[in-house]
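Undergrad: The structure under discussion is supplied below as structure tokens; questions concerning it will follow.
The values are calculated or read from the model by the stated rules, or taken from the named source; none is laboratory data. Note that this is a predicted model, so its numbers are computed, not measured. Glycine gets a Cβ as well: all are built from the backbone with ideal geometry, and neighbour counts include every protein chain shown.
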Amino acid sequence: MQPIDSFHDFFARTGADVRLYHLGRRVEPCELATLTALEQDEQPWPQPWQGKARLAMVFRLGDMEDPLIWFLALPLDEQGRLDPAPRDAFLQRLLETLGRNVQGLGREDGEAIDNLMQDNPLAFTPSLPFQAVLHARAGRDMGQPASQHMEPAEAYLEGQQDLDWRALGLQGLADVAVRMDDAQAERVAAHLPALPGEVLASLCYCLEHVAIGRALAEALRARGEAAAEAGDIEVFCACVRAVSGAEVEIAGPWLDALLADPEACGPDLLAAIAGRGWRHLEDGERLPRFLARLAEAPNADFTAVARDLALIPRLRLPVLMTLREADADSAIGRRLAGLSR
């Protein structure tokens with residue numbers, strides 16, 4: 001029998017029903033073929049985060065009623081390709097736990113598999129918004145109903161019911177964000193000016209993982225600009241992160257306006273753009289402007305953010321070219337000169 005030396009082999013050999021989700025920059029579905037290409041060294045990871053390929057693996061074996069979920073952060077090298085040794089060690093432990101014959105696994109094996117995650121160096125615990133959005137997405141993808149928290153969240157966000165907002169659950173907000181259609185998005189946008197800042201921030205932490213349309217993006221921009229004027233950096237950056245899920249013709253002009261304003265470009269905003277708006281940096285003018293602002297911000301970690309962006313395959317060459325072509329007396333040039341001392 002052929003050895004199991006990859007996650008693809010494990011899932012194929014066990015006959016698992018598996019769904020993968022990116023858990024790095026956004027909670028998004030991930031094709032098994034994407035993981036396979038990484039494992040076979042055919043291509044770098046498309047959405048690296050802090051040097052890792054962060055994944056949720058949601059799978060059922062045999063007659064399991066509830067799926068198992070692995071949260072794994074696979075180390076990447078400087079080219080965004082897999083460092084295989086930690087993966088190999090994990091699979092070795094997995095096979096030692098289950099025995100070499102992994103066909104016919106079922107419910108009784110679930111606890112043994114789950115125990116592997118207790119002291120697993122690849123395991124990590126996602127933030128609460130990431131967990132809530134993952135459960136909302138996976139539940140929808142598997143044809144399950146939304147959580148019981150969705151209905152009161154919908155009623156509150158649309159202004160239909162005046163609840164104590166502190167009773168709203170994050171899971172309900174995530175369910176709304178993931179399942180929202182265009183009509184509901186417009187109703188939420190209309191009520192957005194009335195939302196307390198705490199609710200708005202929590203909603204944004206869910207919306208930043210989904211695509212949003214123009215009406216909601218414009219309402220979020222208005223709230224974000226009002227928060228900036230009021231000095232509420234958390235709500236301001238939360239709105240920027242959420243608007244980053246809009247199409248570039250919607251989000252791009254706001255990002256351009258922010259990058260044109262040196263007073264706006266603090267480290268929190270720059271981190272929000274790099275973390276959630278990286279797709280909008282695929283622009284010949286916006287990327288150099290962003291890197292210049294990053295270099296100008298004394299409290300921003302220029303090296304870490306630039307290196308993280310350069311790990312994204314579609315941004316790698318543009319980032320490296322921007323750094324290479326920077327004038328010695330520019331903000332970027334001075335930062336790079338400081339690194340070489």
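Undergrad: Give all pairs with beta carbons closer than 8 Å in which a residue from the stretch 30-49 that is on the phi > 0 side of the Ramachandran plot meets a residue that is surrounded by fewer than 19 Cβ atoms within 10 Å (Cβ to Cβ) and part of a loop (DSSP other than H, G, I, E, B); count only pairs at least 6 apart in sequence or on separate chains.
TA: Note: pairs meeting the criteria are 41/81.
Undergrad: Suppose we keep only residues that are closer than 19 Å to residue 145 by Cα and without any contact (Cβ under 8 Å) to a residue 40 or more places away in the chain within the stretch 176-196. Which one would you say is surrounded by the fewest Cβ atoms within 10 Å (Cβ to Cβ)?
TA: 181
Undergrad: Let me ask you something else. Answer yes if at least one residue in the stretch 209-220 is assigned by TED's automatic domain parsing to the domain that holds residue 289 and without any contact (Cβ under 8 Å) to a residue 24 or more places away in the chain, and no otherwise.
TA: no
Undergrad: Next question. If you take the residues of the stretch 134-190 that are within 22 Å of residue 221 (Cα to Cα) and assigned to a loop (DSSP other than H, G, I, E, B), which of them is farthest from the chain's Cα centre (by Cα)?
TA: That would be 159.
Undergrad: Within the stretch 82-96, can you find the residues that are at pLDDT 90 or above, in contact with a Leu (Cβ under 9 Å, 6 or more places away or on another chain), surrounded by fewer than 16 Cβ atoms within 10 Å (Cβ to Cβ) and among the charged types (D, E, K, R)?
TA: Listed by number, the list holds a single entry, 83.
Undergrad: Scanning for something modelled with pLDDT of 95 or more, out of contact with any strand residue (DSSP E or B) (no Cβ under 8 Å at 6 or more places or on another chain) and polar (S, T, N, Q), does the stretch 281-302 turn up at least one residue?
TA: No.
Undergrad: Which residues, taken from the stretch 308-335, are within 20 Å of residue 79 (Cα to Cα) and either free of Cβ contacts under 8 Å to residues at least 24 places away in the same chain or hydroxyl-bearing (Ser, Thr, Tyr) (or both)?
TA: Listed by number, the residues that qualify are 310, 317, 320, 321, 322, 324.
Undergrad: Let me ask something else. Considering the stretch 41-59 alone, what residues qualify as being hydrophobic (A, V, I, L, M, F, W, C) and assigned to a loop (DSSP other than H, G, I, E, B)? Show your work before the answer.
TA: Here is the first cut: in the stretch 41-59, the residues hydrophobic (A, V, I, L, M, F, W, C) are 45, 49, 53, 55-59.
The answer is 45, and nothing else.
Undergrad: Sort out which residues of the stretch 286-339 are among the charged types (D, E, K, R) and in a helix (DSSP H, G or I), and write them in order of number.
TA: 286, 289, 293, 296, 307, 308, 314, 316, 324, 325, 334, 335
Undergrad: Of 201, 222, which residue is surrounded by fewer than 17 Cβ atoms within 10 Å (Cβ to Cβ) and not charged (D, E, K, R)?
TA: 222
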